[in-house]
Amino acid sequence: MTDDIASRPGPAQEPSQSPAGGPILFAPATPAAFGSAPIALAPDATPLSAGPGDPTEARGGPVEGKVLILGSGPAGLTAAIYAARANLEPIVLAGSTPGGQLMITSDVENYPGFPDGIQGPELMAAFRAQAERFGSRIVDIDVDRIDFTSRPFRAWARGTEYRGDAVIVATGASALWLGLESETRLRGRGVSACATCDGFFFRGKEIAVVGGGDTALEEALFLTRFATKVHLLHRRDRLRASRIMADRAFAHPQIEVQLNTSVEEVLGESHVEGLRLRQTDTGEGREVALDGLFVAIGYKPNTDLFRDVLDVDEMGYLKVHHETGSKIEGVFIAGDVHDHRYRQAITAAGEGCKAAIDAERWLEMHAGRPATVAVAAQG
Ligand code: NDP
């Protein structure tokens, strides 16, 4: 963890330990308006407080910038870096658990520039430090409401109004849960969606990961650093994950891949004591004793605020028009909030860059024009 992030103020957190054993603090891995990610903080971190240049000082607002960026994953923070360097005075409404999905990712091995890999939270700390270096104002707060019907566009968060002549929506996607009552009840008591945050607690224990995609396999492989055995439970007869990840999982001596297996119930009263499983091909049920369950079954786009305002597809992701545009001129879209095809940090960062450049050019063209909104043709 870098000094930059360690000294950065943030929201109230619950104590935890970093995978490396160093002290960090993290928020519960629950879906929030912007990602479900916890953020690593120094032990003496305090909630974001008003200070010189801090947008929260104008509680009640309005707090104004040329560009308002919603979301603080790779897309949002890359947009902030580009917008700040273009003197667009970006305000980033980062969410109460900022940083996006990389905050719940362990080793990132495919982000260019890091030949030995980098931890997701460390990468996001570097993104944030770079955005702040050029003057981005970042507030770790969830947006409650938006109004994109006229310019300046407006967003409200905890009673404060934020305004921008252009908006970049980069709110990402959040982890999905199985939907079992026992899963919800035991969340934080052995059930988790964040191996990076919680893996440390399972040192010497036996655990399970549910899911058959790259995320599940990545989590399972990461968790072998702590757990004695990892059951990888997947409901179908073949994994969805990439070949290289599947090969690694099958070859790992601590991972037991169990196909055609669904989780029916998490067992235990105050903490996880086991799972009730079902063979999806035979219908046969069985119970297994273990200490933890990591859920890694995919994501939901964070688009609830925008569904009545912007176009969404059948899966709830935002639709883009002309590269990074939306159906409202001056409102741009970047990253996983619309992209369910690539969903990579590098593609999200690339889109953040594109959205900031598009916003800059759009603002240049519209400088001095009346504050009206032209709704672009759909499609
Ligand atoms: P995916 O959608 O790829 O996989 C989700 C998995 O969870 C599937 O195997 C699915 O089963 C299973 N699942 C979904 N719902 C349930 C449920 N209710 N009960 C049980 N199982 C369920 O999501 P990922 O998060 O794994 O990956 C998303 C994208 O990100 C992918 O494109 C992936 O390649 C990429 N990624 C890349 C990484 C990297 O390059 N390092 C790391 C992580 C992700 P089923 O197969 O039956 O549908």
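Sort out which residues of the range 205-218 are surrounded by 24 or more Cβ atoms within 10 Å (Cβ to Cβ) and more than 7 Å from the ligand (Cβ to nearest atom), and write them in order of number.
Hits for the range 205-218 are 207, 208, 209, 217.
Of all residues in the range 219-254, which are assigned to a loop (DSSP other than H, G, I, E, B) and either among the aromatic types (Phe, Trp, Tyr) or within 11 Å of the ligand (Cβ to nearest atom) (or both)?
Within the range 219-254, 226, 234, 235, 236, 237, 238, 239, 240, 241, 242 meet the criteria.
Within the range 162-173, is there a residue that is within 16 Å of the ligand (Cβ to nearest atom), among the hydrophobic types (A, V, I, L, M, F, W, C) and modelled with pLDDT under 95? It would help to see each step written out before you state the result.
Let us first name the residues in the range 162-173 that are within 16 Å of the ligand (Cβ to nearest atom), namely 172-173.
Filter again for among the hydrophobic types (A, V, I, L, M, F, W, C), leaving 173.
Filter again for modelled with pLDDT under 95, leaving 173.
Yes, the range 162-173 contains at least one residue that is within 16 Å of the ligand (Cβ to nearest atom), among the hydrophobic types (A, V, I, L, M, F, W, C) and modelled with pLDDT under 95.
Please state which of the following conditions residue 257 fails to meet, knowing it meets all the rest: (1) more than 16 Å from the ligand (Cβ to nearest atom); (2) among the hydrophobic types (A, V, I, L, M, F, W, C); (3) without any contact (Cβ under 8 Å) to a residue 40 or more places away in the chain.
Tallying (1) more than 16 Å from the ligand (Cβ to nearest atom); (2) among the hydrophobic types (A, V, I, L, M, F, W, C); (3) without any contact (Cβ under 8 Å) to a residue 40 or more places away in the chain, residue 257 fails exactly one: (1).
Report, by residue number, each residue of the range 115-141 that is buried (at least 20 other Cβ atoms within 10 Å of the Cβ) and either among the acidic types (Asp, Glu) or touching a Pro at 6+ places or on another chain (Cβ under 7 Å) (or both).
Looking only at the range 115-141, we keep the residues that are buried (at least 20 other Cβ atoms within 10 Å of the Cβ), and these are 119-121, 123-125, 127-128, 131, 136-141.
Residues satisfying the conditions are 127, 136, 137, 139, 140.
Working carefully through the options 329, 323, find the one that is loosely packed, with under 15 Cβ neighbours inside 10 Å, more than 16 Å from the ligand (Cβ to nearest atom), in contact (Cβ under 8 Å) with a residue 24 or more places away in the chain and in the same structural domain as residue 68 (by TED's automatic domain parsing).
From the options 329, 323, the qualifying one is 323.
Residues that are in contact with a helix residue (DSSP H, G or I) (Cβ under 9 Å, 6 or more places away or on another chain), outside any strand (DSSP E or B) and more than 11 Å from the ligand (Cβ to nearest atom): does the range 285-294 have at least one? Outline the logic, then answer.
Keep residues of the range 285-294 that are in contact with a helix residue (DSSP H, G or I) (Cβ under 9 Å, 6 or more places away or on another chain), which gives 291-294.
Subsequent filtering for residues that are outside any strand (DSSP E or B) retains 291.
Adding the requirement that they be more than 11 Å from the ligand (Cβ to nearest atom) leaves 291.
Within the range 285-294, one or more residues are in contact with a helix residue (DSSP H, G or I) (Cβ under 9 Å, 6 or more places away or on another chain), outside any strand (DSSP E or B) and more than 11 Å from the ligand (Cβ to nearest atom).
The values are calculated or read from the model by the stated rules, or taken from the named source; none is laboratory data. Just so it is clear, the model here is predicted, and its values are computed rather than measured. Heads up, the Cβs are rebuilt from the backbone with ideal geometry, glycines too, and the neighbour counts pull from every protein chain shown.
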